[in-house]
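Bear in mind these aren't lab numbers, they're just calculated from the coordinates by the rules spelled out. Everything quoted here is computed from the prediction, not taken from an experiment. Reconstructed Cβ throughout: ideal geometry from the backbone, glycine too, with neighbour counts over all protein chains shown.
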Amino acid sequence: MGERKVLCRRDEVVSGEARRFDVAGTRIALVRIDDDFYAIGDRCSHEDYSLGEGEVWVDECEIECPQHGSMFDLVTGEPRSFPATTPVPVFEVEIEGDDVVVVLP
């Protein structure tokens, strides 16, 4: 079982928003879509830009890199458009009361 870390409270991230967190040496982009939360590696696999600063595509469940426009699936971390060709890591998210918890490997 991985290490569990509280990222924030549920009400600190609004639906359709992404936020960057630095946890135990790992950069994480946390995305909220309605009542679902997704945690992916914050570094675009094409170049080292923060995905947490990107636009969230709610209907597609994707996030867009703000620098070169690569789209990443929030569930799998797979790139959906160029120039990125390598997936970013995804992390398990749990809700404990009002806390959003990420499970690190």
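Filter the strands (runs of 3 or more DSSP E) completely within the range 25-92 down to those with at least 2 residues that are under 23 Å from Val14 (Cα atoms) and in contact with a helix residue (DSSP H, G or I) (Cβ under 6 Å, 6 or more places away or on another chain).
Counting at least 2 such residues, we get no strands (runs of 3 or more DSSP E) at all.
State which residue pairs qualify: first residue farther than 17 Å from Gly16 by Cβ and inside the range 45-61, second residue among the aromatic types (Phe, Trp, Tyr) and crowded, with 16+ Cβ neighbours inside 10 Å in any location, beta carbons under 9 Å apart, and separation of 6 or more residues or different chains.
Ser45/Phe72
I'm checking my understanding of the structure. Among residues of the range 68-93 that are among the acidic types (Asp, Glu) and more than 19 Å from Glu17 (Cβ to Cβ), which one is nearest to the chain's Cα centre (by Cα)?
It comes out as Glu92.
Suppose we filter the range 1-24 for residues that are assigned to a loop (DSSP other than H, G, I, E, B) and not hydrophobic (A, V, I, L, M, F, W, C); how many remain?
Number of matching residues: 3.
Residue by residue through the range 1-59, note down the ones that are buried (at least 16 other Cβ atoms within 10 Å of the Cβ) and hydroxyl-bearing (Ser, Thr, Tyr).
Thr26, Tyr38, Ser45, Tyr49, Ser50
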